[in-house]
1. Helix 284-300: angle to the longest alpha-carbon principal axis of the chain, degrees 0 to 90, nearest 10?
2. Over 24 Å apart: what share of the alpha carbon pairs of the range 194-308 falls there, rounded to a whole percent?
3. At 0.692 mPa s and 37 °C, plugging the Kirkwood radius over alpha-carbon pairs of the range 26-183 into Stokes-Einstein gives what diffusion coefficient in µm²/s?
4. How large is the charge dipole for the chain, taken about the Cα centre, if only the Cβ atoms of Lys, Arg (+1) and Asp, Glu (-1) carry charge, to the nearest 20 debye?
5. Hey, could you get me the Stokes-Einstein D for the range 100-212, Kirkwood radius over alpha-carbon pairs, 37 °C and 0.692 mPa s, rounded to whole µm² s⁻¹?
6. Considering the chain as a Gaussian network with a 10 Å cut-off on Cα pairs, which listed residue, Pro79, Pro164, Pro120, attains the greatest mean-square fluctuation?
7. Hey, what number do you get for the chain at 222 nm if only DSSP H runs of n ≥ 4 count, each worth -39500 (n - 2.57), divided across all residues, to the nearest 500?
8. Between exposed chymotrypsin sites (Phe, Trp or Tyr not before Pro) in the chain, where DSSP calls loop and at most 15 other Cβ atoms lie within 10 Å, what's the longest gap?
Amino acid sequence: MITEILPVSGESTEKAAQLLKNGEIVGIPTETVYGLAADAFNEKAVEKIFLAKGRPQENPLIVHICDMEMLPVPALEIPSLAYTLAEHFWPGPLTMIFKKQPALPDCVNNGMPTVAVRMPEHKAALELIKKCGFPLAAPSANLSGKPSPTTAQHVFNDLNGKIPLILDGGKCGFGLESTVIMFNVNGVKILRPGAVTPEMLSEFTEVEIDGTVYRSLESGEQPISPGTKFKHYSPKADVTIIDTENDTLFADYVNSHDGTNTYAIIPSDDKNIVIKTRCFGSTSLEQAANLFDLLRALDDEGAEEIYVRCPEKTGMGLAVYNRLLRSAAFKVINLD
Ligand code: TXA
Ligand code: MG
C-alpha cells in the first residue's frame, strides 16, 4: 500500500473522511500527538489499527468526539462533574473514562465495561470527526512501544506501507498524550498525566494521582489503565534519568560515563558538560513538546546511552517525568 502524506485542507480532510467511511484507517494530527483513526463503530476498521501498530489487543483505545451531542454515542451515565470539566477543558488534552454504550464494539476497549473519550482541540481533527458524523477510535500513531509521533514524518517512518493516508497538520503543540482520568467517589483519579495538570483539575474537584504514574507495576498487579502495563515510549538507546538539583553533580556524572554513542538530554546548554548534549528546553511545556522528537532523532543518530536530567514533577512536568520513566524502564539515579 502507498502511504500518502497530504497537508490539511478541505480537500484532504474530505479524502480522509471518505477513507474512514469506507473502513480504512488514517493518521491524523491532534494537539497532543498524532493519532491513528478508525470509525469507532466499525469493528473491522478498528482491528486494522491493532494490526498496523502491532498493539496488544488488551490495550483499549480512546474514542474521539467533536461536540457534546456526540458524547452519549460511545458513553453512558455521564456524571455532572464530567460536564463541568468538559466546559473548561474540552476541546483539549483531557480524556475521561465513562461507562460504555453496549453498541460500541468490544475490540475498541477489549470488552471492558468502560470507554475513554476525548474531544481534541486540533481544528483538523474536529473537522474530520464532524465530516464523518461518527466518533473516531484513535491511539497514538506510532508502532507499539515506540515514542509517540509528534509530526506527520514520525507517523510515516513507523507506518509507511501500512496505512493509505496521513493528514499533515504540522508539529503537535503539546507533544505528549492527553491526561487520562476516571471518576471516583471524591472526584477524579489521574491514570496518565498530561497537559491538563493535577493543579488545573483541582480547581474543580478533588484529585488523586494513581500510584502507577510514578512507579512500575508490582508483579501480578492489574492496572486500572491497561496501557500502563506495556513497554512504552522506548527508543533503541538505554535511557537513564539522573535526578539532582545540582548542575555540577550532573555534569560530573555524565562526563564520567561517556561512551562512543552517549548523549545527555538537558534543559539548556551547559559548558561544563563535555559529552554530546541535546537541549529539550527549560520549561515543562518546551520539554513536553521536544521529548519524543529528540528520542526519535537520537535513535536515528545511533545513540546507545542517553542520560536525561530529571524534569520537574509538578504541572506539565509530571507528564514529562511519567513518559521518561517508561522510556527509561524506571531507571532513575538520584545524586542528591
Ligand atoms: O492524546 C491522546 O490521548 C492521543 C491522541 C491521539 O488523542 N491518544 C493516545 O492513545 O494517547 P493511546 O492509545 O496511545 O493511549 C490510550 C490510553 C492507554 O494508556 C489506555 O490504557 C488508556 O488510555 N485507556 C483507554 N481506555 C481505557 C479505559 N476504558 N480504562 C482505562 N484506561 C483506558
Ligand atoms: Mg500510545
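1. Helix 284-300 sits roughly 80 degrees off the main axis of the chain.
2. 41 percent
3. 214 µm²/s
4. In total the dipole reaches around 840 debye.
5. The diffusion coefficient I find is 200 µm²/s.
6. Pro79
7. Details: 10 runs with 97 residues, N = 336.
Calculated mean residue ellipticity at 222 nm is -8500 deg cm²/dmol.
8. Result, exposed sites excluded: 1-203.
All of the numbers you see were taken from the coordinates with simple rules; none came from a lab. All values reported here derive from a predicted model rather than from experimental measurement. For neighbour counting, all protein chains shown are included, and Cβ atoms are generated from backbone atoms with ideal geometry for every residue, glycine included.
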